[in-house]
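Here the structure is laid out as structure tokens; the discussion comes afterwards.
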Amino acid sequence: MVANRSILVAMKVATGKVVGGKVILEGVFLEEGSSVTVLANDDDGSFELTREQEGELLLSIAEANCGDAIPADEVLAKLARRHG
């Protein structure tokens with residue numbers, strides 16, 4: 001069974017482009033000093049994981065394959081109720 005885990009905090013999602021070595025966002029303002037995480041397409045589409053991350057990923061895949069997962073529409077509905 002999936003444990004009740006919640007580490008969500010208020011976040012913004014934005015897209016942008018790298019121009020002159022800086023990420024230029026489209027349609028969103030972030031305060032100076034905001035912490036951000038950037039996900040970018042990789043030319044070869046690969047990524048590297050630590051052994052711990054790989055173990056977590058494999059466990060999550062196994063749980064999902066056994067039906068031990070929460071459907072996306074249920075998660076989104078729950079988030080919508082919490083955050084209006």
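If you roll a 1.4 angstrom probe over the protein chains with everything in place, what fraction of the accessible area of the range 19-66 belongs to carbon and sulfur, to the nearest %?
On the way: 2470 of 4770 Å².
On the range 19-66, the fraction of accessible area on carbon and sulfur atoms equals 52 percent.
So how do 55-64, 24-33 stack up, highest first, on mean other-Cβ count within 10 Å?
Numbers: 55-64: 11.4, 24-33: 8.1.
In descending order of packing, they fall as 55-64, 24-33.
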Keeping every protein chain present and rolling a 1.4 Å probe, give me the accessible area per residue for the range 18-84 in Å².
96 Å²
So between S46 and E32, what do we pick up on full extension, going 0.36 nm a residue minus the alpha carbon distance?
1.9 nm
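Starting from the Cα-Cα distance between V19 and I70, subtract it from 0.36 nm times their residue separation and give me the gain in nm to one decimal. The partial results should precede the final answer.
Numbers: separation 51, 0.36 × 51 = 18.36 nm, distance 3.88 nm.
Working it through step by step, the gained length comes to 14.5 nm.
The values are calculated or read from the model by the stated rules, or taken from the named source; none is laboratory data. Source: prediction; values computed, not measured. Positions of Cβ are backbone-derived with ideal geometry, glycine not excepted, and every protein chain shown enters the neighbour counts. Calculation scope for accessible area: heavy atoms of the full protein, side chains included, ligands and nucleic acids excluded. Shrake-Rupley method; radii C 1.70, N 1.55, O 1.52, S 1.80 Å.
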